[in-house]
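Shown below is the structure under consideration.
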Amino acid sequence: MQWYRMDLHLHTPGSNDYQEPDASYLDILRQADLRGLDIIAFTDHNTVGGYKAMMGEIAGLEYLESLGRIQPDEKRTLDEYRRLLDKILVLPGFEFTATFGFHILGIFSPQVSVRQLEHILLSLNIPPSALDEGSSIVGASADVLTAYRVINQAGGIVIAAHANSSHGVAMRGFDFGGQTKIAYTQDPHLHALELTDLDRKGRRSTARFFDGTKPEYPRRMRCIQGSDAHRLLADPRNQKYLGVGDRVTEVLLPRRSFEALLEVFQSNDFARTRPYRPSRDPYDHVQTAREQGPSIVQAFHEGMTRRGGRLYAVIADVCAMVNTNGGTIYVGVSAKAKENPVGVQSVSDAIDALRTELEHKITPPIEVDIDVLETHGKPVIRIQVPRGDDPPYAIDDNKIYVRDESETNLAVRDEIVRLVAQNLGGGVTEVAGDKVVAAEGEPAPEQVQPTGKIDAPRTGVEIIGTEQRKGVKYHVMRDLRNGNVVKNVTRSSARRLWHYAITEKEKSPVDPDKVEWHGDVGLLKRYKRGGVIRYDLVQRENGALRVYYGVTDDGMHGPWQAFATEDDD
């Protein structure tokens, strides 16, 4: 396995907005070589004209050589092409303009002919007259989801180009298009998002947004970067216009080939791609994960000894994640990013012990990926857990765990019922007398409420009912992430966030005069728990107050964002 540098978003003179039309294809390859690139893709606007022109030039020189009629300068050009193409894998592709102007990259194997690629563009409603123009403006083309499907089914790698900026499917900064945005960034035919801020840290970065913790964006997306170069060198007068290799992604491959690259994009091993840092230490996936902290899809353990229940805690996290949304577990480091990693002794023995314990403890059987990453010179075991398709999964046949934000807990009765219903093809969530069907893969109930109504936050809990029996208060809790309702919760039986909410409700009833109101939504309290900023929020609705406890930034949307703190990472 070796790290290769790639730039999968390069334009050529085949695009009509290329800023150096006199540059040759050999010039582009030379510049890629100077920047140390191993893999590049020609992705002109709605055409493969640039790749076609380069391959045509090479074929013409080879034909002259076979006839023995090649001139010395032509022979030098052909030799230079051969030298560079031996060092750099050049992939054919295009940047397709979908309906409403969204840009999508399709990257293909060199074994795919130009005629086949042109056929794909024609099937996406690119006019025949535009196939050689290289224009980003093509009229009424196919929609985004159709483009994803067609490119994927043709064997291509599907990447949403500059997803977080102009013509990007993430539509960052827009207040509309919620369901469309979810569909465009979570579609199973989409392999990756290309971002312009991949090296940015903090919880407001685009990569952090799509890391699987957002309730409405549960699929973690692979994020890469590319230069989108329309010139050989960056424009010194305008930093917006980058040159070849000015934004590079590294990819870990067993060999430099399209097939190996496709396998990475189809996998869930997100540590096999990373932003290239030419003047800094290599990107550390484990350290980055620690800086993000524990979440519904991420957990950390310093060790996994049987003594003290550490090994059982790891197995419980696996069980909880496979029952919830999948995720990644790191063994050998604490969640505190500033602490030195402990590492794992006898890595092979530890992995064998983990596999044995998982096989014996969890039913039905599950398949997890276990490997080793390095951070600060220490080996760390990484366990990648898929979302299970046969829930509920149990430890020792009777202990069923679920993931609740950054905590693993034993499932209560109502949660077990929902896991069984999910396995049977869907369940019904009952909220305040209304029944909301939440089928697999569909948005949570909060996203399908009537137009004009302010949706509740998408993380935290709400107490939607309370009754007293024999002096004990029993509460009905609603999980704002997924809409699940759990009944008969007491303060003594409640898990941590639920216990906090019940304690606040029972001891500190909401005083509307102490709420920071913005219209009908308000901030009751802002605090930090477990290193995560949380909010207690209030909403006025039909003359009553709804209180949402323990909301995180991932759950803030629409008018609730007014209370979110600035990025403090």
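The values are calculated or read from the model by the stated rules, or taken from the named source; none is laboratory data. Everything quoted here is computed from the prediction, not taken from an experiment. Note that we place each Cβ from the backbone using ideal geometry, even for glycine, and neighbour counts take in every protein chain shown.
Pairs only if they're at least six apart or on different chains, beta carbon under 7 angstrom, first in the stretch 205-230 and of a type in the set (F, W, Y), second not in a loop (DSSP other than H, G, I, E, B); list them, first residue then second.
Partner pairs satisfying both residue conditions: F210/T185; F210/L193; F210/C223; Y217/I182; Y217/T185; Y217/Q186.
Looking at the stretch 246-275, which of its residues are of a type in the set (S, T, N, Q) and either part of a loop (DSSP other than H, G, I, E, B) or in contact with a Pro (Cβ under 7 Å, 6 or more places away or on another chain) (or both)?
Passing the criteria: T249, S257, S267, N268.
Another question, then. Which one is surrounded by the fewest Cβ atoms within 10 Å (Cβ to Cβ), of the residues in the stretch 222-242 that are touching a helix residue (DSSP H, G or I) at 6+ places or on another chain (Cβ under 8 Å) and modelled with pLDDT under 95? Talk me through it step by step, then tell me what you get.
Within the stretch 222-242, the first condition is being touching a helix residue (DSSP H, G or I) at 6+ places or on another chain (Cβ under 8 Å), and the residues that meet it are 222-223, 232-233.
Then keep just the ones that are modelled with pLDDT under 95; that gives 232-233.
Numbers: L232: 18, L233: 14.
Filtering first and then ranking leaves L233.
Turning to a different aspect of this structure: Only one residue in L261, L190 is at pLDDT 90 or above and touching a Phe, Trp or Tyr at 6+ places or on another chain (Cβ under 6 Å). Which one?
L190
Can you name every residue in the stretch 15-70 that is of a type in the set (V, I, T) and within 23 Å of F258 (Cα to Cα)?
I28, I39, I40, T43, T47, V48, I58 - these are the residues of the stretch 15-70 that are of a type in the set (V, I, T) and within 23 Å of F258 (Cα to Cα).
Need at least 2 residues that are modelled with pLDDT under 90 per element, so show me which strands (runs of 3 or more DSSP E) inside the stretch 501-569 make the cut, counting only ones lying wholly within it.
Where strands (runs of 3 or more DSSP E) fall fully within the stretch 501-569 and carry at least 2 residues being modelled with pLDDT under 90, they are 521-529, 532-541.
Then there is this: Of the numbered conditions (1) on the phi < 0 side of the Ramachandran plot; (2) out of contact with any helix residue (DSSP H, G or I) (no Cβ under 6 Å at 6 or more places or on another chain), N125 satisfies every one except a single condition; which is it?
Every listed condition holds for N125 apart from (1).
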